[in-house]
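Enquirer: The structure is given below, and queries will be raised subsequently.
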Amino acid sequence: MSDLSLALHALLSRKIVSLLSVLLTAFGVMMALVVLQFAAAAQQRIDRDGKGVDIVIGAKGSPLQLVLSALYHADIPTGNIPYTEAEKWMHHPQVKQAIPLALGDNWKGFRIVGTTADYAAHYGAKPAQGQLWEAEFEAVAGAGTGLALGQTFSGAHGLGADGHSHDHQLYKVVGVLGPTGSVIDRLILTSVNSVLALHGQETTPAHEEHGDHDDHHHHHHDDDDHDHEHHHDHSEPAKQPAEITALLVKTRSPLANINLPRSINRDSMLQAANPALEMTRLSAVFGLGTRSMGYISAFLIGMAALSIFAGIAGSLDSRSGDLAVLRALGYGRHRLFGLLLMEGLALTAGGLALGFVMGVAGFVLLAPAIPALGAQALQPDIHWLWLALTVLVAGLAASLLPALRAARADPAQLLSQR
Amino acid sequence: MTALELTDIRHSAGGREILRIPALSVAAGGRLLLLGPSGCGKTTLLNLMAGLLRAEQGHVSLNGQAYDTLSGRALDALRRKYFGIVFQKLHLIGHLSVEQNICLAADHPDKTYMHSLTDRLGIADKRRSAARNLSHGEAQRAAIARALMNRPAIVLADEPTSALDDAQADNVSRLLLDETQTAGAALIVATHDARIKPLFDTVLELAP
Ligand SMILES: Nc1ncnc2c1ncn2[C@@H]1O[C@H](COP(=O)(O)OP(=O)(O)OP(=O)(O)O)[C@@H](O)[C@H]1O
Ligand SMILES: [Mg+2]
């Protein structure tokens, strides 16, 4: 009979205590895994959705709220801004690209975003069916919205799923984007004017604005460079929106990421926020959440280690005869020591395996319930290895003292007891 | 040929000298009965022979190898190789099966030998029973099988008959004698039970 099966038989002979140790270990591991998994998934999403946007410009208010609402579509906007104000910065020499966003409505909780084709291009989204919008009230649906090509729908006021709907004006889905794994999958895109028209915003014909010489110059510069899709061939003259919600800005230099927001915040009625900065600040807070969950999992693993200690140490008295008889049968002290360490390790390994299964299952079950994270694939990483090692070491440490006690016991004395 | 040899042994326990043995030897395949009243030091003497205790004074040696020259680890190995022990309280491991208990005594258990032992001892049908469910008689047979499993040179049996009636005592004694004879092992029995005295050619009476 191998020492391992001898250890397993001993564990099975005290099923309830062993099961308790395994379950405590498993819950601790599961908790730690879920924390690791959600933290990794959240960070990945923050990185992916925020990639390539250096500055967010919008109405004054909380900069974090501005970033969350305009970049991650996870908060309500700080307000709207006059297009003429925004336009000044769109054509600033330090600005490489500026994408306007007009928010305000949703369909079944999916935000309807008035924007330009640049927005789809920014996330690498291309129509899998149909094409991008051209006329007003043509919409392009993100891959995860469930909207089908040709479907019509009415936008509901607000950004939650329960606002009153604009039934008098229907959107028509003219395109469905392929999946990108980014926030755009859960958005419905249309022109800026479509969103604002529903909110009684005046739109001014573009040619009237051409009176402003500065604007005119930059506008053409913009067109030539990369904004080819800004204007399509319409029979009616292109109109400029009076108000938008935010601008997503890509700058020309890292220095501009600092200087531009500074001058915008100082010299204009607008607010500029640096998303990287705001998200770092947010994760300092969000980190608190995962950290306290981390403490709970560490506490559970600690309790598991204690229960392993108690289980083995508590069994020593009742099985001193069993252990002494092994010594009499020629098992050395070191072999008895190893046998008890094996019991601790077997319990932790069992708990570890169960915890991983429960953690993976837990994530698969929980992820759809937290839409901000979307359906992420599991990402085993180096942290899993560290977790496993930590837990095994805890189990080993917990069985160390009882193992030493058993190894030191005098078999002759124990055999004459009982 | 002398297998086990004790010289000038003095051993005390609880501050009292309980054993004083000037010279004692057991030949290979020999039989020795250690007879004496309760508390005279029989179990202590068996422990000294098996290397489970180290003598305070004097020497124990097996096949010329003195125990006091051996490390604890070497003594454990020597015990595993040369000794089979039937304990006064049997000490089977309750949650293991009879078969598992018997096989614990050998590193590479010879299953055929285990089967022939349990067959001869009449516990073949109990091989897979948990040791804790055995009757006392069955447990005693299982303990004897375990003591023989490693084909030891010397079998030590501590009070194998004390709790038994005459017929059972005779039966167990004969089992031990027959099995050790078959295996070619020496047998040393410690008991206060004078009933089995006639079965042994050498008897050492220990003073209380
Ligand atoms: N570890 C110990 N500490 C103190 N006294 C001990 C110890 N071991 C044995 N003794 C004492 O030594 C004496 C001999 O004990 P031992 O167990 O060898 O007797 P025994 O002949 O086997 O008795 P029994 O027939 O009751 O089994 C007893 O008086 C016992 O109390
Ligand atoms: Mg005794």
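No value in this document is a laboratory result; all are computed from the given coordinates. Please read these numbers as outputs of a predicted model, since none were measured by experiment. Virtual Cβ from ideal backbone geometry, glycine too; neighbours counted across all protein chains shown.
Enquirer: Of A:Ser399, B:Ser71, A:Ser297, A:Ser5, how do they rank once you tally other Cβ atoms within 10 Å and put the fewest first?
Expert: On the way: A:Ser399 28, B:Ser71 9, A:Ser297 23, A:Ser5 12.
Least to most surrounded, the residues fall as B:Ser71, A:Ser5, A:Ser297, A:Ser399.
Enquirer: What spacing in nm lies between the two simple spin-label points modelled at A:Ile16 and A:Gln43, each 7 Å away from Cα in the Cβ direction?
Expert: Placing both labels 7 Å along Cα→Cβ, they lie 4.3 nm apart.
Enquirer: Can you compute the FRET efficiency between A:Leu255 and A:His91 using 1/(1 + (r/R0)^6), with r the Cβ-Cβ distance and R0 = 25 Å? Round to the nearest 0.05. Don't skip to the end; give the middle numbers.
Expert: Details: r = 19 Å, r/R0 = 0.75.
Between A:Leu255 and A:His91 the formula returns 0.85.
Enquirer: Need the full-extension length gain, B:Lys81 to B:Asp166, defined as separation in residues times 0.36 nm minus the C-alpha distance. One decimal, nm. Don't skip to the end; give the middle numbers.
Expert: Values: separation 85, 0.36 × 85 = 30.60 nm, distance 3.33 nm.
Full extension of this stretch gives 27.3 nm more.
Enquirer: May I ask you to list the residues of region A:76-92 whose amide nitrogen lies under 17 Å from a point 7 Å from Cα along the Cα→beta-carbon direction of A:Lys60?
Expert: A:78-83, A:85-86
Enquirer: Another question about this same structure. Within 14 Å, Cβ to Cβ, of A:Ser263, how many net charges do the neighbouring residues add up to if Lys/Arg are +1 and Asp/Glu are -1?
Expert: Local net charge: +1.
Enquirer: Further question: Subtracting the Cα-Cα distance from 0.36 nm times the residue separation, let me have the gained length for A:Ala353 to A:Thr84 in nm, one decimal.
Expert: That pair, A:Ala353 and A:Thr84, stretches by 90.8 nm at full extension.
Enquirer: Excluding B:Ala139 itself, what net charge comes from residues whose Cβ is under 12 Å from its Cβ, given Lys and Arg +1 and Asp and Glu -1?
Expert: Details: positive: B:Lys89, B:Lys126, B:Arg132, B:Arg141, B:Arg146; negative: B:Glu138.
Neighbour charge sum, excluding B:Ala139 itself: +4.
Enquirer: Also, I was wondering about something else. Any chance you could check the Cα centroid distance between region A:292-358 and region B:45-82 for me, in angstrom?
Expert: 32
Enquirer: Right, next: Determine, for each peptide in A:289-296, B:172-179, the mean count of other beta carbons within 10 angstrom over its residues, then list the peptides with the highest first. Walk me through the numbers on the way to the answer.
Expert: Working: A:289-296: 14.1, B:172-179: 18.2.
So the peptides A:289-296, B:172-179, ranked by packing, come out B:172-179, A:289-296.
Enquirer: At R0 = 56 Å, how high is the FRET efficiency between B:Arg132 and A:Leu366 if r is their beta carbon distance? Nearest 0.05 is fine.
Expert: On the way: r = 45 Å, r/R0 = 0.81.
Once rounded, the FRET efficiency stands at 0.80.
Enquirer: For chain B, what is the calculated [θ] at 222 nm in deg cm²/dmol (nearest 500), taking -39500 (n - 2.57) for each run of four or more DSSP H residues and dividing by its residue count? It would help to have the intermediate numbers written out before the result.
Expert: On the way: 6 runs with 67 residues, N = 208.
-10000 deg cm²/dmol, from helical runs alone.
Enquirer: Let me ask something else about it. Report the relative contact order of chain B, percent, no decimals, based on alpha-carbon pairs under 8 angstrom and at least 6 residues apart.
Expert: On the way: 389 pairs, mean separation 61.2, N = 208.
So the answer I get is 29 percent.
Enquirer: In nanometres, what is the gap between the two model label sites at A:Leu8 and A:Arg405, each 7 Å from Cα along Cα-to-Cβ?
Expert: Modelled inter-label distance: 2.7 nm.
Enquirer: When B:Phe83, A:Phe110, A:Phe356, A:Phe299 are ordered from fewest to most other Cβ atoms inside 10 Å of their Cβ, what list results? Mind dumping the intermediate values first?
Expert: Details: B:Phe83 27, A:Phe110 23, A:Phe356 18, A:Phe299 12.
If I rank by nearby Cβ atoms, fewest first, I get A:Phe299, A:Phe356, A:Phe110, B:Phe83.
Enquirer: In peptide A:352-360, what is the residue-averaged number of other protein chain Cβ atoms found within 10 Å of each Cβ? Could the numbers behind the result be given before it?
Expert: Details: counts 0, 0, 0, 0, 0, 0, 0, 0, 0.
So the per-residue partner count for this stretch is 0.
Enquirer: Enter the mean number of other protein chain beta carbons within 10 Å of the beta carbon of each residue in A:394-407, as an integer. Write down the numbers at each step before the final one.
Expert: Values: counts 0, 0, 0, 0, 0, 0, 0, 0, 0, 0, 0, 0, 0, 0.
Taking the mean over all residues of the peptide, I get 0.
Enquirer: Points 7 angstrom from Cα along the Cβ direction at A:Ala135 and A:Thr280: gap in nanometres?
Expert: 4.9
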